[in-house]
Amino acid sequence: MKIGFIGLGIMGKPMVRNLLKAGHELIVYDVVESNMDEVVKDGAKAASSSKDAAARCGLVITMLPNSPHVKSVVLGAEGVLEGAAPGTILVDMSSIAPLASQEICRECAKKGVRMIDAPVSGGEPKAVDGTLSIMAGGDKEVFDQVYDVLMTMGASAVHCGDIGAGNTTKLANQVIVALNIAAVSEAFMLSTRAGVDPLKVFEAIKGGLAGSTVMNAKVPMITDGNFKPGFKIDLHIKDLGNALETGHGVGAPLPLTSQVMEMMQNLHADGLGENDHSAIARYYEKLTGTEIRV
Ligand code: NAD
């Protein structure tokens, strides 16, 4: 299948590579030309704009930072809707606000373009392996049409409901991940200050009820002092901002989320926004003047 792919960052590049490996023809676009060069050498073809990519493909995938970027790429000048023929399918795999997905979908429908939101969880390693967890919202018939393509990039793809339901599910995921990293950081600071080797704590508790995918992925990074992203603090701030706004809009207070949001804001203000979100541990390290290291 001929697929347009827009947004070739940490996640977009490996996703494109997996689509290429599966035999699809890829027409790619990113505002950063060097990002395009990296996948063009793997067999993708470069487009001159989002409009150009959409004009050349019946299926367009976007993997962009946040709602304003998706709005501009889809609805803006030289955007997807300027190029797409009626019947084109747009799969937005970015993590954005559910209300933005609904607004963009309405604009797409006016041009006969059918859109689903399909954000992902799993981060760069799972994007590379093609084992992302994909959570989708929108017309089930459209989801079924693109299911095989989604499964080229993911280990699972679940249709969660109407347009925006994918991003609502993703917000729930991001709240759990952020709070889990904060809980792990707080607990490991406690045991480090009390003089117990963090690797012993990890070994002892990872198989019990406190164990989690987050603990397994992030504790080795924290104890190595390796905060290379991965998933950046600044992107998680974006997700928690969308979660708080959505929660307030639907009458769901998020007291713990707002606390972790302030920890991340503090790290951002300290110039650590480009660190991996495991750097929440550094917030606790600043509080105590103690590093969680081996
Ligand atoms: P990134 O910042 O690495 O990549 C975004 C890409 O979009 C960049 O290459 C940028 O140049 C491009 N871009 C921005 N504006 C554009 C425009 N107007 N036209 C064309 N290209 C444009 O981000 P990422 O880590 O790849 O994340 C992408 C999305 O996936 C985000 O919504 C993020 O929250 C989500 N996500 C990321 C991870 C992760 O671990 N990195 C995991 C799950 C979900």
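Every read-out reported here was derived from the displayed coordinates using simple, explicitly stated rules and does not represent laboratory data. Remember, predicted model here, so these are calculated numbers, not experimental data. When we count neighbours, we look across all protein chains shown, and the Cβ atoms used for this are built from the backbone with ideal geometry, even at glycine.
Observations on the model:
- Region 175-242 and region 1-41: distance between their alpha carbon centers, rounded to Å: 32
- Around ASP52: net Lys/Arg minus Asp/Glu count, Cβ-Cβ under 10 Å: 0
- Highest-fluctuation residue, GLY207, GLY87, GLY241 considered, GNM on the chain with Cα pairs under 10 Å: GLY207
- Gaussian network model of the chain, springs between alpha carbon atoms under 10 Å - residue of ALA44, ALA204, ALA22 with greatest fluctuation: ALA204
- Electrostatic dipole magnitude of region 153-219 [Cβ: Lys, Arg +1; Asp, Glu -1; Cα centre; debye, to 20]: 100
- Anisotropy class of the chain from Cα gyration tensor, a/c 1.5 cut: prolate
- A cut-off under 11 angstrom between Cβ atoms defines the neighbours of LEU132, and their net charge, with Lys, Arg +1 and Asp, Glu -1, is -1.
- In degrees, nearest ten, helix 255-269 long axis to first principal axis of the chain (Cα): 90
- Summed side-chain charge close to SER258 - residues other than SER258 whose Cβ falls under 14 Å, Lys, Arg +1, Asp, Glu -1: -3
- Rounded to the nearest whole Hz, the Karplus-based 3J(HN,Hα) values (6.51 cos²θ - 1.76 cosθ + 1.60, θ = phi - 60°) of region 96-106 follow the sequence 9, 5, x, 5, 5, 4, 5, 5, 5, 4, 4, with x at glycine and proline.
- With Cα atoms, 0 to 90° folded angle of helix 140-153 axis to the chain main axis: 60
- Label positions at ILE205 and ARG293, each projected 7 Å from the Cα along the C-beta direction, are separated by 2.2 nm.
- Extending 7 Å from the Cα toward the beta-carbon at both ALA85 and GLN265 defines two label points whose distance is 4.9 nm.
- Size of electric dipole in region 131-286: Cβ of Lys, Arg +1 and of Asp, Glu -1, about Cα centre, debye, nearest 20: 460
- Over region 153-294, relative contact order from alpha-carbon pairs under 8 Å, at least 6 apart, %: 34
- Calculated FRET value between SER34 and ASP197, using beta carbons and R₀ = 45 Å, to 0.05: 0.60
- Residue pairs, from the table LYS2/LYS232; LYS51/LYS218; LYS21/LYS140; LYS200/LYS286, whose Cα atoms sit over 28 Å apart: LYS2/LYS232; LYS51/LYS218
- Whole-Hz couplings from phi, Karplus 6.51/-1.76/1.60, listed for region 169-180; x for Gly and Pro: 4, 5, 4, 4, 4, 5, 5, 5, 5, 4, 5, 5
- Among beta bridges that DSSP assigns inside the chain, antiparallel share in %, nearest 5: 15
- The chain - mean residue ellipticity at 222 nm from DSSP helices (-39,500 (n - 2.57) per run, n ≥ 4, rounded to 500): -17000 deg cm²/dmol
- Trypsin sites (Lys or Arg not before Pro) within region 232-294, DSSP loop, no more than 16 other Cβ atoms inside 10 Å: ARG293
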